[in-house]
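The values are calculated or read from the model by the stated rules, or taken from the named source; none is laboratory data. Keep in mind that this is a model prediction, so the values were computed, not measured. Quick reminder, even Gly has a Cβ in these numbers, built from the backbone with ideal geometry, and neighbours come from all protein chains shown. Note: areas computed on protein heavy atoms with side chains; ligands, DNA, RNA excluded. Shrake-Rupley method; radii C 1.70, N 1.55, O 1.52, S 1.80 Å.
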Amino acid sequence: MTGLELRQRTRASRAGRPSRVDAKSIVDAAIDIGLSRVTLKQVAERLGVTAPALYRHVRNRDEIVKLAAIELALNRTQAGGSGGQWPDLVRGCAHGMVELFVAEPQLICEVMNGTLGPDGEMDFVEQFLAAMAGHGFAPAESIRIHHAVAMLAIGAAVSAIAMKSGYAGGLSHEESVRKALARRSRNELPLIRSALPAYLHIDSGQWRESLDTLVASIAARRGEPAPGSRTPQKRNTRNTQVEPPKRRSQP
């Protein structure tokens, strides 16, 4: 059941008896709670109803997560908007995905488990295709670009989440590495030891270099000069606080 179908079913609720809860309030409650922690019981308690009352609008928790994910994604406008240049749209799409997954790590699990399904992405993919079409991109080409951006963004988000969460025992990355090396013989892992400062230092913004490379390769295929690296405007999104990306110069 898509979000539209759910809203239509909600409007078709029994006439003459106003519902204390609807699809939108369920989704809003789930987003406020956080998708990694949300349960039917928590949503019902937040809305002041019993859990069975939710079944008039959603089938289960998975559907709540799916609809909340769609809502979060659709609320993230593409950087630069329809008036921006296509590199701004591509970068905006990537940054939006990273911010979304970092803010709601549970979404990565839902994607891996196939819970979201195509309904979880088709609406905002359609928006991306429409925006890119305004710059002369065919839908098939834009879909390939979106897939490439998604793979890059998910990897960047997983890395950022891991760094934020820390390692087993609450140790930092550097502490964990040094502890692991101390358990090994000094003759083991000579190459890692020789480049230990680089191994210890993880640049959380390094993925942006790969994004710039992707954008440059798209421009090259189109016979355009390589665009300079630009930072998308910071977006105001609920439950998300992400530091502005660092500016980098395109070589």
**Request:** Could you list all residues from region 145-163 that are more than 10 Å from the chain's Cα centre (by Cα), within 16 Å of residue 132 (Cβ to Cβ) and open to solvent by less than 50 Å² (accessible area, probe 1.4 Å)?
**Result:** 145, 146, 148, 149
**Fill in**
Subset of region 176-190, residues open to solvent by less than 100 Å² (accessible area, probe 1.4 Å) and of a type in the set (D, E, K, R), comes to 188
**Message:** Out of 58, 27, I need the residue that is at pLDDT 85 or above, touching a helix residue (DSSP H, G or I) at 6+ places or on another chain (Cβ under 8 Å) and within 28 Å of residue 92 (Cα to Cα). Which one?
**Reply:** 27
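Could you count how many residues in region 61-95 are at pLDDT 85 or above, under 29 Å from residue 216 (Cβ atoms) and not basic (Lys, Arg)? Even if it seems obvious, please write down each step before you answer.
The initial filter retains those residues of region 61-95 that are at pLDDT 85 or above, namely 61, 64, 85-95.
Of the ones still in play, those that are also under 29 Å from residue 216 (Cβ atoms) are 85-95.
Narrowing the set further to residues that are not basic (Lys, Arg) leaves 85-90, 92-95.
Matching residues across region 61-95 total 10.
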**Message:** Suppose we keep only residues that are surrounded by fewer than 18 Cβ atoms within 10 Å (Cβ to Cβ) and more than 14 Å from residue 89 (Cβ to Cβ) within region 117-137. Which one would you say is modelled with the highest pLDDT?
**Reply:** 122
**Prompt:** Mind checking which residues of region 46-73 are on the phi > 0 side of the Ramachandran plot and buried (at least 17 other Cβ atoms within 10 Å of the Cβ)?
**Reply:** none
**Message:** On the basis of being of a type outside the set (Asp, Glu) and modelled with pLDDT of 95 or more, does residue 245 make the cut?
**Reply:** no
